[in-house]
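The values are calculated or read from the model by the stated rules, or taken from the named source; none is laboratory data. On a predicted model such as this, the values are computed, not experimentally measured, just so you know. As a convention, Cβ positions derive from the backbone with ideal geometry for all residues, glycine included, and neighbour counts pool all protein chains shown.
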Amino acid sequence: NLMRTAITFALILFVGFSSFGQDEKPAFEFVTETLDYGKIALGSDGKRVFEFTNVGKSPLIITQVKASCGCTVPKKPEEPIMPGEKGQIEVSYDTKRPGGFSKAITIFSNAKTPRKMIKIKGYVERTAAPVKKKSMLSDGS
């Protein structure tokens, strides 16, 4: 019985100390984790910004951001985000690709959750009006 009590006490101490260190890590709190572009025009500006706050107790360092394909280019903050401060991750989507899209961006950092996934989605509309060409019978108007 004494042995069981000692093991239980040791486990309680171990769990208590291991979770104590976790509370000191930085943490993301995003305004939104999925940015919806809605319907956008072919060739329009595909740049959007994810805003977040470091709600942890130590500096947040983003080491890498990766997109699920080459049509999406994310840009991470270069400086650490201090506790309570806001940060941004810029995302540029190639709007020369008509149709629906849903892409993931993975953030690698020193946060409680070292791999965090955020998403973009939307629909790039096809060009509606055909381009008029000049001919010998028409001046293009």
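Of the conditions (1) surrounded by 11 or more Cβ atoms within 10 Å (Cβ to Cβ); (2) under 23 Å from Ala104 (Cβ atoms); (3) modelled with pLDDT under 95; (4) not aliphatic (A, V, I, L, M), Phe50 clears all except one; give me its number.
The failed condition is (3).
Considering every residue within segment 65-72, establish whether at least one is surrounded by 13 or more Cβ atoms within 10 Å (Cβ to Cβ), of a type in the set (A, V, I, L, M, F, W, C), modelled with pLDDT under 95 and not in a strand (DSSP E or B).
Yes, segment 65-72 contains at least one residue that is surrounded by 13 or more Cβ atoms within 10 Å (Cβ to Cβ), of a type in the set (A, V, I, L, M, F, W, C), modelled with pLDDT under 95 and not in a strand (DSSP E or B).
Within segment 75-82, is there a residue that is farther than 12 Å from Ile118 by Cβ, surrounded by 14 or more Cβ atoms within 10 Å (Cβ to Cβ) and modelled with pLDDT under 95?
no
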